[in-house]
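Heads up: the structure comes next, in structure tokens.
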Amino acid sequence: MLKRCLLVFCGVLCLLTCATGSVFAISAEQKAMIADNCTVIREDLKKVQRSDARARVYLGGKYELILNKYVTPLNVRLVENSLSSVSFIENQNTMASNKMKFANDYVEYQQRLEELVSMDCKNESEAFYKKLEEVRTKRKKVEQDVKEMRNSLTKFVELVGKLKETLNAKTK
Amino acid sequence: MRKLSKSEKKIERGGKNLVILGVLSVIIAMATTGVALAIYHNSGDIYLDRSRPGFLPDEEEIEDENEEKDGETEYVFAKDGNLTKEDIEDFLKNLNKEIELIDAYEKPFGSDVLSDEHLGITGEIKIPEAEAAESVAE
């Protein structure tokens with residue numbers, strides 16, 4: 001009985017090891033590709049790094065502008081006009097935290113990308129691919145942050161639309 | 001041999017002190033620059049600073065920035081005053097313009113650029129542009 005249990009346990013352990021190992025496993029062909037295309041891959045990654053810096057500066061600037069020139073002044077004015085609502089304040093907080101998350105995740109992503117660019121892909125192709133997977137995960141996080149920020153912007157526009165209707169009804 | 005007077009000794013030491021001062025100031029300058037660079041790197045500002053080599057803005061971007069400045073007067077939403085329907089209409093119009101500019105940025109941080117296909121890890125072996133040009137010339 002004990003032997004059987006041990007056998008099953010070993011089997012499960014083997015399966016789990018194989019499953020987790022396969023996540024980062026790369027084929028011999030891929031390894032060769034990385035080593036052969038090393039220079040080109042690094043050039044491509046540097047290009048990505050530059051275009052990402054542009055995207056970060058552009059989007060970060062726009063988020064900052066919307067928060068400082070639209071969201072905050074409107075909330076202050078709503079309070080002054082006794083029209084303030086919880087949803088507007090909640091939305092402002094969500095936007096601010098999303099912006100912060102975007103900035104922090106971007107720094108983490110760029111740090112990993114820089115590590116990847118400085119790696120010796122010719123001789124350490126397997127480690128290079130593993131790091132590339134890590135960079136992809138971090139990049140996905142940043143992409144998700146951009147989507148979340150866009151969602152809070154949509155919600156803000158909806159809230160302003162509702163406010164417009166309220167003001168419309170008041171004037172009638 | 002004549003004994004050196006106090007003032008003469010001071011002058012002799014002064015030269016040495018000057019050298020020590022010079023060396024010390026160089027060391028301090030290097031240390032503070034190192035600390036500043038470490039902060040610059042660890043804070044993540046290095047990833048945003050487009051004035052560093054290789055990150056300078058493109059010519060078209062500079063033109064775009066100028067065009068923006070030459071355009072209409074900047075919209076400012078006042079923090080005080082009575083809030084009217086017209087104010088909100090104006091606000092929405094300008095806000096939507098900004099959002100359109102955000103949406104105009106195509107696929108920011110999309111996953112395709114780091115895919116195996118894009119990096120040439122699954123496809124055929126790529127030849128670097130410089131090497132390709134050389135082989136063509138030959």
Checking B:Gly54, B:Gly44 in turn, the sole residue that is closer than 27 Å to A:Asp145 by Cβ, within 8 Å of chain A (Cβ to nearest Cβ), at pLDDT below 80 and in contact with a helix residue (DSSP H, G or I) (Cβ under 6 Å, 6 or more places away or on another chain) turns out to be B:Gly44
A:Leu83 modelled with pLDDT under 90 and at negative phi:
yes
Just checking: which of the helices (runs of 4 or more DSSP H) contained wholly in the stretch B:65-138 hold 1 or more residues that are within 19 Å of A:Val157 (Cβ to Cβ) and modelled with pLDDT under 90?
B:85-103
Which numbered condition in (1) more than 15 Å from the chain's Cα centre (by Cα); (2) closer than 19 Å to B:Val113 by Cβ; (3) facing chain B (nearest Cβ under 10 Å) is the only one that A:Val117 fails?
(3)
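Let's see how each residue does on (1) charged (D, E, K, R); (2) in a helix (DSSP H, G or I); (3) surrounded by fewer than 16 Cβ atoms within 10 Å (Cβ to Cβ):
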| site | (1), (2), (3) |
| --- | --- |
| A:Asn68 | no, yes, yes |
| A:Pro73 | no, yes, no |
| A:Arg77 | yes, yes, no |
| A:Glu90 | yes, yes, yes |
| A:Met95 | no, yes, no |
| A:Phe102 | no, yes, no |
| A:Asp105 | yes, yes, no |
| A:Arg112 | yes, yes, no |
Could you check how many residues of the stretch A:135-151 are at the interface with another protein chain (Cβ under 7 Å from one of its Cβ atoms) and more than 29 Å from B:Leu95 (Cβ to Cβ)?
2
Within the stretch A:44-59, count every residue that is surrounded by fewer than 16 Cβ atoms within 10 Å (Cβ to Cβ) and more than 7 Å from chain B (Cβ to nearest Cβ).
3
With respect to B:Lys16, determine if the residue is surrounded by 10 or more Cβ atoms within 10 Å (Cβ to Cβ), in a helix (DSSP H, G or I) and either at pLDDT below 80 or over 17 Å from the mean Cα position of the chain (by Cα) (or both).
no
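The values are calculated or read from the model by the stated rules, or taken from the named source; none is laboratory data. Bear in mind that the values here come from a model prediction, so they are computed numbers and not experimental data. Cβ sites come from the backbone with ideal geometry, for glycine too, and all protein chains shown count toward neighbours.
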